[in-house]
Every structure is written in C-alpha cells, then in structure tokens.
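Notes follow once the structure below has been shown.
Nothing in this text is a laboratory measurement; each read-out follows from the coordinates by a stated rule. Being a predicted model, the structure only gives us computed values, none of them experimental. When we count neighbours, we look across all protein chains shown, and the Cβ atoms used for this are built from the backbone with ideal geometry, even at glycine.
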Amino acid sequence: MKTESKTGDETMKAESTTGDETAKTQKQVVIYLLADDYIEVEVQPLTMGDLCEIVGTDRKVADFVKQMPVTGLQPQETGRSVISVLMLVEAITVQVRKQFAGIQCQCVLLGAEQLIVEWGGKKTAPWWVTILKTVCVSLIILTGSAFTIMTYDQDVDVAGVFGRIYQLFVGHVPTQPGILEAAYAFGVAAGILLFFNPFVSAAKRKAPSPVEIEMEKYESDIRDTIVKIDNRLNKR
C-alpha cells in the first residue's frame, strides 16, 4: 500500500513538473485590439484587420491575425450587422494556437465590445442632389429660425422695450426702425454665425462646434439603440 501511494505521488509530481515546464516553454504573445463601434465596409470577405486596429508583442503573429478571415458573419450588399468582439477573441485564440506551436495568445480589448458593421459603405450622391439637399435644409433652417425669433420677440415685447429705451434717452419713439433695431438684427446674425462657426474647417478649430457635438450624441444614441435591439432579438 505504501509503495502504491508513493508511486502515485511521484506520478502526480512528474505530471505537475511536466505541466510547469510546458507552460514555461510556451511563448506569451499579447494581441491588442482597438475597435471602433461603427465601421463601414465594402470589401468581402472581411478580415480581422478590416474590423480592428491590431498590434502585438510579436509582429509575425499580429500580421497573421490581421489577415485572418472573419467567420460566422453573413456578407451582405447593404444593411447592418452587429458583431461581438468576444467572438473575434475566441477565433483569434483558436487560430493562433493552431498556426503557431508553442505560443500562448492573450487578447486585450481597447475599444468597443460590440461592433456595428455597415455593409456597402457610403454612397456618393450626384453633385446636384447634394446642392438640392443643401438648399432645402438651408431654407428650412432659415424659416424655422426666423419664426422662432419672431415669436420670442413677440413674447418678450422687444418692440416695447426698444420704445421705452428711445423714450428714456431720446424723448420720443421713432416711427421708423432706428439704431437699436439695426444693432439687434446685426447682433442676432453675428451671434448665430460665431456660435455655430461654419466658416472654419473642423481641422482648424480648437474645439468642435455645438452642431458637431449634438450630431455626435445623436449618432451615439443610434448606435447604442441598434446594439440593444440586436441583443434583445438574439435573446428571444
């Protein structure tokens, strides 16, 4: 009995030693994945490099990962697909283990956990369509802004305020628009232009414009909603 127990202990020690030696002989490679939450693609089939920025502690392994095809994703001409980064990590780990003997791969996520893939990319519209859209949007904004300013002036009685100012400093209220009305009109226009700052390119501005900030929030809400809807449908 003592001999059998001793033999079993020696076997377990030998297996433990062998496992430790195997772990020591394996090369540890770290792959960093930086993924945006929204990607527009036109090429098919997709590779890992199309979805993420990939770097690693071993350049050969990182280059292999970049060229890996993305499996389990049905290509489409148009539409959207939602991809979990965990699926990419699992595929990378399996393929690296098969391709490189003695290498243990560890993936580190630095970006989004779920990716929205927009198939087909952006469609470039004809120049006349772009001009027509710009004119229509400009007219809508101009009309809406003018209506808003007029209703505001009516609510706060700007004309009455100007009349009291004229009465206080001049002694009478002019029948025609005067310097106060001209300064008010110029100030409103100048304030809008300076606030939205459309004449300076985004690359030269020190900070994004309010419109860009609101559009970014709107796009972020759209992406979050797409991911939540996809997760809800997959749970059914």
Item to check | Debye intensity ratio I(q)/I(0), log10, the range 147-236, q values 0.13, 0.19 Å⁻¹ (C-alpha model) | outcome: -0.71, -0.95
Next on the checklist: For Asp58, what residues show an amide H to amide H distance below 5 Å, using hydrogens built from the backbone and excluding near sequence neighbours?
Outcome noted: Val30
Item to check | Kirkwood-based shape ratio for the range 79-130, expressed as Rg/Rh from alpha carbons | outcome: 1.27
Checklist outcome for this item: To the nearest 20 debye, the range 127-235 has a Cα-centred charge dipole, built from +1 on Lys and Arg Cβ and -1 on Asp and Glu Cβ, of 420 debye
Checklist entry - Which listed residue (Phe195, Tyr166, Gln176) has the Cα farthest towards the positive end of the charge dipole for the range 146-218, taking +1 on Lys and Arg C-beta and -1 on Asp and Glu C-beta about the Cα centre? => result Phe195
Checklist outcome for this item: Applied in sequence order to the range 50-63, the curve 6.51 cos²θ - 1.76 cosθ + 1.60 (Karplus, θ = phi - 60°) yields integer Hz couplings, x standing for Gly and Pro, of 6, 9, 9, 7, 10, 9, x, 6, 10, 5, 5, 5, 5, 5
Checklist entry - With point charges of +1 on the Cβ of Lys and Arg and -1 on the Cβ of Asp and Glu, referenced to the Cα centre of the range 39-154, which listed residue (Ile141, Ala125, Ser81) lies farthest in the positive direction of the dipole? => result Ser81
Checklist outcome for this item: In whole Hz, the Karplus estimates of ³J(HN,Hα) for the range 105-112 (6.51, -1.76, 1.60; θ = phi - 60°; x where Gly or Pro) are 9, 10, 9, 10, 8, 10, x, 5
Next on the checklist: If amide hydrogens are placed 1.01 Å from N in the peptide plane, which non-local residues have theirs closer than 5 Å to the one on Gln104?
Outcome noted: Lys27, Gln28, Val29
Item to check | In the range 89-193, trypsin sites (Lys or Arg not before Pro) in a DSSP loop with at most 16 other beta-carbon atoms within 10 Å | outcome: Lys122, Lys123
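Taking a threshold of 22 Å on the Cα-Cα distance, which of the pairs Lys60/Lys98; Lys98/Lys235; Lys66/Lys235 fall above it?
Working: Lys60/Lys98 14 Å; Lys98/Lys235 32 Å; Lys66/Lys235 31 Å.
Over 22 Å apart, Cα to Cα: Lys98/Lys235; Lys66/Lys235.
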